[in-house]
Each structure stands twice: as C-alpha cells, then as structure tokens.
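Each value in this text was obtained by applying a stated rule to the coordinates, not by laboratory testing. In this text, all values refer to a predicted model and were calculated from it rather than measured experimentally. Every residue, glycine among them, receives a Cβ derived from its backbone with ideal geometry; neighbour counts consider all protein chains shown.
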Amino acid sequence: MRINSAVQAAIDLTAGAAGGTACVVTGQPFDTAKVKMQTFPSMYKGLVDCFVKIYKQVGFRGFYKGTAPALIANIAENSVLFMCYGFCQQIVRRIVGVDRKTKLSDLQNAAAGSFASAFATLALCPTELVKCRLQAMHEMQLSGKIIQGHNTVWSVVKGVIQKDGPLGFYRGLSSTLLREVPGYFFFFGGYELSRTFFASGRSKDELGPIPLLLSGGFGGSCLWIAVYPVDCVKSRIQVLSMAGKQTGFMRTFVTVVRTEGVLALYSGLTPTMIRAFVANAALFLAYEYSRKLMMKQIDSY
C-alpha cells in the first residue's frame with residue numbers, strides 16, 4: 001500500500017518525537033554537565049568533579065535541571081527534523097534526477113539531513129536557550145554575573161520576554177544554524193554509513209536493535225566531534241546574555257580563544273561524547289522501531 005505524503009509526514013513527525021524523548025531521558029545528566037563546563041570551565045576540573053559538585057549543590061535533581069525545556073526542545077527539533085528529512089530526501093531525488101522510490105546513497109541522505117536541520121533550528125533555538133539558562137543559573141549567581149537567578153521554566157521565559165521581547169528567544173540563532181547544518185550532515189552521514197556497514201548487502205530495514213544502537217551512537221559522535229567548538233560558543237551566548245548584551249558569534253569566538261585559549265572551546269567534551277553515543281543510540285532505536293510499528297499499522301488497513 002502506498003502511503004500519501006501527509007500520512008508519511010505525520011508518521012515521521014511522531015517517530016521523531018519518540019526519538020527526541022528517548023534522547024533526553026538517557027542523556028540529560030551529561031547535557032547538564034556539558035553546559036556548565038562550557039560556560040564556566042574554570043569552576044570544574046573535569047566530568048567527575050562537575051558531577052560531584054552538582055550533587056553537593058543541588059542534589060540528584062540538579063542533573064535534570066532544564067529537563068522540561070530540553071524535552072520540549074528535543075521533541076520539537078526531532079519531530080521537525082525527521083518530518084523535513086523525508087521531504088528533503090524527495091528534493092534530493094529531484095535534484096539528482098531519480099525516481100521517488102529510489103534508495104539514496106549515504107552521501108545523499110547526509111545532504112538531505114543537513115537541509116532538514118535548517119528547519120529544525122527554528123523550533124530548537126528558543127527552547128534550548130531556556131534549557132541552557134536553567135542549567136547554568138547556579139554558576140551565573142556564583143560568578144556574580146547576576147544577583148538573583150530564575151529557577152523555573154516560567155520565570156526564565158518571563159525574564160526573556162521582559163528584557164528582550166519575543167525575539168530574545170532567538171539569541172544564538174546564527175550559532176545554532178552554524179552547528180546544525182554541517183553537524184547533521186555528519187549525523188545522518190555517520191548513521192547511514194554505519195547502517196550500510198552492518199547491513200553487508202542486505203536491506204538496512206532488516207537490522208536488529210544492536211546495529212541500530214551502534215549506528216545511532218556513531219552518528220551522534222560524528223556530529224559532536226565536527227561542531228563542538230561552535231556549540232560551546234552558542235552556549236556562552238545564550239547563557240551569558242542573561243547578564244547584559246552579549247557579542248555575536250565571531251567576537252565571542254575570538255574573545256574565548258584570546259583570553260582562555262583554544263582548549264576552552266572543548267570544555268565539557270567528555271560528557272558530550274558520552275551523551276552523544278548513549279542518547280543518539282536511544283534516539284534512533286526509538287525512531288526506527290516506532291516508525292516501523294506505525295507503518296505496519298497503516299499497511300494493515
């Protein structure tokens with residue numbers, strides 16, 4: 001049975017939401033450590049030190065600061081990403097002049113994922129800004145950059161609207177685009193290459209959970225290795241703009257390199273790489289299996 005474009009888009013959107021949820025549930029503690037270490041690298045000696053201090057300062061709930069906006073961010077991003085991924089695959093097919101049912105190469109799938117990420121960025125940026133600010137609120141107060149922090153999602157949202165208006169939610173948009181567009185080329189490219197390796201001539205749709213987990217983890221690792229310095233700059237812009245006007249991407253980048261050195265752009269890389277593998281393995285497993293389940297349900301009617 002041939003599925004029309006609207007139904008296919010709805011399936012991809014729902015499966016993307018399932019993947020985004022799995023990603024947050026498994027990776028949030030490492031994401032919290034990443035944001036803290038990126039924005040205030042001098043406060044932490046490493047991942048273990050960061051985890052210990054988070055637990056001492058706020059307890060276990062400190063690892064899940066910003067979970068609500070992170071959940072909204074990941075569901076929104078991955079829903080839009082995977083829905084647009086299907087559309088962008090069709091655009092790539094038209095560009096290269098092949099039939100709509102033709103399987104794309106790994107490189108062509110990577111290009112489609114890169115195009116799709118530009119649309120996902122618009123859904124991601126506002127919620128990620130709120131998440132990052134909640135995660136680094138304690139450090140902003142400790143450093144004296146702000147006197148009183150906002151400890152709830154609503155208080156952060158209200159603060160952004162009062163200070164900068166609705167457009168304030170798009171602080172760091174250019175940095176997010178610089179991260180997402182090339183990053184998702186490597187993300188989907190790494191995932192598809194890995195699936196091709198495990199398939200060994202068979203259909204990729206026949207792969208079991210272990211190859212899917214490993215392929216998802218590999219794709220996530222490729223993304224973060226490629227764009228980590230850009231993400232570090234983005235986090236600083238989104239968090240430090242709480243204390244006043246923050247410079248743009250290039251000036252923030254140059255300032256970090258001049259005052260703290262190139263290695264400061266890689267602060268928090270360890271928790272990021274752990275999270276990248278674990279969270280994206282869960283994301284793709286949830287996406288692929290929920291998508292297959294829905295496709296079977298549609299085919300049965």
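Counting every C-alpha pair in segment 142-301, the share spaced more than 18 angstrom apart comes to 69%. Of all aspartates and glutamates in the structure, not one has an alpha carbon short of 12 Å from that of residue 56, not counting any fewer than 8 places away in one chain. The convex hull around the C-alpha trace of the chain, projected and averaged over every direction, spans 16.4 square nanometres. Which of 164, 49, 99 moves the most in a Gaussian network model of the chain with Cα springs under 10 Å? Greatest mean-square fluctuation among the candidates belongs to 99. Here is the size of segment 71-163 from its Cα atoms: Rg then Dmax, 19.3, 60 Å. Relative intensity of segment 130-180 on a log10 scale, I(q)/I(0) at q = 0.23 Å⁻¹, equals -0.94, per a Debye sum over C-alpha point scatterers of equal strength in the absence of solvent.
Each other residue within a Cβ distance under 12 Å of residue 28 adds +1 if Lys or Arg and -1 if Asp or Glu, for a net charge of +4. Per residue, the average separation of C-alpha pairs within less than 8 Å and at least 6 apart gives the chain a relative contact order of 28 percent. For the chain, the longest principal axis of the C-alpha atoms and the axis of helix 106-135 are separated by about 30°. With 26 Å as the limit, the listed pairs 36/292; 234/292; 131/296; 34/292; 103/131; 204/296 have 36/292; 234/292; 131/296; 34/292; 103/131 beyond it between alpha carbons.
Distance between the 7 Å Cα→Cβ label points at residue 197 and residue 142: 3.8 nm.
Treating the Cα atoms of segment 1-67 as identical point scatterers in vacuum, please give the log10 of the normalised Debye intensity I(q)/I(0) at q = 0.12, 0.23, 0.25, 0.27 Å⁻¹, two decimals. Results for segment 1-67 at q = 0.12, 0.23, 0.25, 0.27 Å⁻¹ read -0.46, -0.94, -1.03, -1.12.
Working note: Cα atoms of segment 203-270, range along each principal axis, descending, whole Å: 52, 23, 18. Within the listed set 107, 285, 129, the residue fluctuating most in the Gaussian network model of the chain (springs between alpha-carbon atoms under 10 angstrom) is 107. The equivalent ellipsoid of segment 1-134 has semi-axes of 37, 15, 11 Å, largest first, where each one is the square root of 5 times an eigenvalue of the Cα gyration tensor.
Share of pairwise Cα-Cα distances greater than 25 Å in segment 103-215 is 45 percent (whole percent).
Of the residues 14, 252, 176, the one that moves most in a GNM of the chain with alpha-carbon contacts below 10 Å is 252.
Counting other C-beta atoms within 10 Å, and keeping those with at most 14, which DSSP coil trypsin sites (Lys or Arg not before Pro) do you find in segment 100-132? In loop regions of segment 100-132 (DSSP not H, G, I, E or B), the sparsely surrounded trypsin sites (Lys or Arg not before Pro) are 100, 101, 103.
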